[in-house]
Each structure stands twice: as structure tokens, then as C-alpha cells.
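What follows is a single structure, written as C-alpha cells, with notes after it.
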Amino acid sequence: MKRAVLAFGLLTALAVAGAVLAENARTQEAAFAAPAVININDHVVGFYVGRGLTAPSPVASIKGNWVDGGAWDLGAINYAVYKGDRAIVYDTSTLPQLGQWERSYLAKTKGIKHFTVVLSHWHLDHIAGNPSYADSDIISLDTSREYMVENKAAIEAGKLWGPPAMKVVLPNVTVKDSLDLYLGGLKVEFRRFNIHSKDGFVMYIPSDKALYVGDTLEDTVTYMVEPGDIPTHIAELKRMRGMAFTKIYPNHGDPDVIKHGGYTKTFVDAVAEYDVNMVKKAHDPGYLTMPIEEFIPKALAKHAVSVFEPYRVVHTNNLKLVQDYWKGKKLPAVG
């Protein structure tokens, strides 16, 4: 009888534990914010999160988290190019569960069975979904992999950018400067640009004349992390503008523009104007309180970009970063 009571108690405890786990799973599922699916054309799809287009991120309650402070607040999108049962996934999104959601979506709705990931650069909001593609080739620039290896422990401890911590799945294929891939007869090119970060790797589809730029271009303004390289960024923007594209799709931009044909080459000019003025004015009195509008008047007049209020925080951070770096230094000739 005693054994029976113990067995019954154990079964009851297991049932309760199972119910708790099931409830936690349902809660997590309910809390999960699915991305907004944007069909660029019949062979490119984007997955957009944040900027008021989707529900809050599932980590929004974590104070100071990097997902909501620098990605979802600004709006973030990654893309997939597909043909037949194969897809090239350009970045894997801002959270592991988003990577899995997007992979499942591509399998169920597009019939994709074979995946190849290409990373635009190493930053966390572009590689968080990598674990969902651990069985596939993940390709990056050699520099991107080096940065990921160098920072792996800090990322997985939640100490690099702060919480949440995330598992780092490294690229298994690296290239130095360029890469051409084919999905049947559809050519997809990747080219290196030192803009925003040293390991910028943009995607170009020649038949569409469409350039997918990662974080090399952002609407409203670029998120500066390497202020000493801004003169190089300006030169690289000039090189980018010389490419034969007519449409631009960034990873951080206005979803309405992305939905309706993308940006034009004036987007490149807007980022160049901002970069040039950020350096030229770095020694001016009152620099730290100058608003965005003083740095991109031509771009705003041409409606190349628009002022999205959360980018004022980005701009404030950029001002301090640039001033601190160039303080006491001779400003370079730019523009």
C-alpha cells in the first residue's frame, strides 16, 4: 500500500510538472512575435520585425536587452532568395526562435529543402538564428568568422552587448572578398564593403538590379561603431554607388519603402552626406546637441530617407562616439 501511495504521488508530481512545462511552452508560444512577411518579388522574401509592425519582442521585459535596443526599436529585416527547393538565407534574424520560424515558413510555404546561409556581417542581430541552420552551410567573410570566434564566449555569456545571451554557431565556409552563388539560372553575387563595419558583405541580384545592403545603409542614419574608419566608409559608399543597381533593400529601414520597390541610389547619397557632415562638424561648438536634420538636409529634401524618432538615440550615440574619437585630432578632408 505504501508503495502504491508513493507511486501515485510520483505520478501526480510528474503530471503537475508536465502541466507546468506545457503551460510554459504555451506561454512562450503566445509571447513569440512572428515577423511580418514581405514578398519582394517571386523569388525574394523578407521577414520584418519591430518598428511597430509586429508585436513586442519576446525579450522585451529584459531591461537593457540588445534585441529591443538597436534592432526591433529601429525595425529589422532579413531576406531569403529562393528557387525550386533551394534558398539562400541572407542573415538569420535577431533571435534563435525567429531563425527557426523563418526556416519552417520557407519549408512549408515555398517548398524549400536545402538552405545556404550568407551573413552580411558578424553583429548579433544578424547571426542569432544561426543555430537553426547548423546542418547547412553558413558562409561569411573570413573577418566575420574571426570576430565571432573572438567574441564567442562573451556573446554566449550575455556580456558583449548585454542580455540576452545566445548560442554562437560559426560559419563553416569563409571567403575573402567576393562570392557568386547560383539558384538554377539565378545568379546571386556577394561583395565586400568596409561600411558600418569592416566585414560588410552586400548581396546583389543582377537580374533584378537589386542590392541588399545589410547594415551598410540605414534609414534614418547609419549606426556608427568604427568612427576611425568613417573616411574609408565615405570612399566605399562612392564605390557602392557605381554598381549597376536601381533598387536597395536594407536590413534596417522603412517597411513601407521596402514593400513598395525599395530605395533608390539617393539612399547611398544620404548615408554619405551624414558621414561627411559628422566628421566635418566634429570640432564645432554645440556638436553634441546638433539634431539629425543638420546632418542630412539634402537627403531629407529629396525624401531619400525620413526621420524615424528612435534613430535620434542612435544619432546621439554617434555624436559622442565621433567626437570622442576625433577630439584632439586633425579632421580628415572628406566629401
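Annotation: of all residues in the stretch 68-82 being in a helix (DSSP H, G or I) and touching a helix residue (DSSP H, G or I) at 6+ places or on another chain (Cβ under 8 Å), the one that is surrounded by the fewest Cβ atoms within 10 Å (Cβ to Cβ) is G70. Just one residue in the set A301, A333 is open to solvent by 50 Å² or more (accessible area, probe 1.4 Å) and either closer than 30 Å to R51 by Cα or in contact with a Leu (Cβ under 8 Å, 6 or more places away or on another chain) (or both); that residue is A301. Within the option set T109, T116, being surrounded by fewer than 22 Cβ atoms within 10 Å (Cβ to Cβ), assigned to a strand (DSSP E or B) and of a type in the set (S, T, N, Q) holds for one residue only, T116.
Figure legend. Inter-residue proximity from the stretch 206-231: first residues free of Cβ contacts under 8 Å to residues at least 24 places away in the same chain, second residues open to solvent by 10 Å² or more (accessible area, probe 1.4 Å) and of a type outside the set (K, R), beta-carbon distance below 9 Å, spacing 6+ or different chains. Indicated pairs: S207/G185; S207/L186. Only one of the numbered conditions (1) under 17 Å from V213 (Cβ atoms); (2) exposed (fewer than 13 other Cβ atoms within 10 Å of the Cβ); (3) of a type outside the set (D, E); (4) in contact with a Gly (Cβ under 8 Å, 6 or more places away or on another chain) is not met by S178, and that is (4). Of the listed requirements (1) more than 22 Å from P96 (Cβ to Cβ); (2) under 20 Å from the mean Cα position of the chain (by Cα); (3) among the hydrophobic types (A, V, I, L, M, F, W, C), L183 misses just one: (2).
Could you please let me know if A134 is out of contact with any Cys (no Cβ under 8 Å at 6 or more places or on another chain), under 24 Å from N39 (Cβ atoms) and surrounded by fewer than 21 Cβ atoms within 10 Å (Cβ to Cβ)? So that I can check it myself, show each step before the final result.
Details: out of contact with any Cys (no Cβ under 8 Å at 6 or more places or on another chain): yes; under 24 Å from N39 (Cβ atoms): no; surrounded by fewer than 21 Cβ atoms within 10 Å (Cβ to Cβ): yes.
When the stated conditions are applied, A134 does not pass them.
Just to be sure, is A154 open to solvent by 50 Å² or more (accessible area, probe 1.4 Å) and not acidic (D, E)?
Numbers: open to solvent by 50 Å² or more (accessible area, probe 1.4 Å): no; not acidic (D, E): yes.
Considered against the rule, which asks whether it is open to solvent by 50 Å² or more (accessible area, probe 1.4 Å) and not acidic (D, E), A154 comes out as no.
The values are calculated or read from the model by the stated rules, or taken from the named source; none is laboratory data. Keep in mind the model is a prediction, meaning the values are calculated, not measured. Here Cβ is always computed from backbone atoms with ideal geometry, including for glycine, and neighbour counts include all displayed protein chains. Quick note on the areas: whole protein, heavy atoms, side chains included, nothing else; ligands and nucleic acids left out. Shrake-Rupley method; radii C 1.70, N 1.55, O 1.52, S 1.80 Å.
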